[in-house]
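Everything below concerns the one structure shown next.
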Amino acid sequence: MRAEATWGNAAAGDDLVALRAENDQLRRALAGRAVIDQARGMMMALTPCSRATARDLLVDISRQCHTKLAEVAAAMVAAWEGKPLPERMQRALRHALGRLYAEERQCDSPPADERSR
């Protein structure tokens, strides 16, 4: 009987450790999401663009820099508050915006068959 009680306590302890780890992970995820939403709003206001396009821009920067999306978002928010944006993120941002504007120009231009008229 004593072995069962000890085993039961160990299982409860393992469950507690797992729940605490999950709780910490969820807290980090929520904090990351909040900063991503802030950065997305900044991109929407500055570009201007849609919510989806703003997220695509942030994801593009994240991929170019091989950096997590939440870290890119945090750097963007920090830059808004006066901290310099890392050079690699500045380059990635310029590149992402250049692609966005090039795509918009293509959408605004008439189809090739209409241009020759």
* Asked: How many residues does segment 64-84 contain that are within 16 Å of residue 40 (Cα to Cα) and more than 11 Å from the chain's Cα centre (by Cα)?
  -> 5
* Do we find that residue 45 is part of a helix (DSSP H, G or I), surrounded by 13 or more Cβ atoms within 10 Å (Cβ to Cβ), modelled with pLDDT of 95 or more and among the hydrophobic types (A, V, I, L, M, F, W, C) in this structure? -> no
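The values are calculated or read from the model by the stated rules, or taken from the named source; none is laboratory data. Model, not experiment: these values are computed from the prediction. Cβ atoms come from the backbone with ideal geometry, glycine included; neighbour counts cover every protein chain shown.
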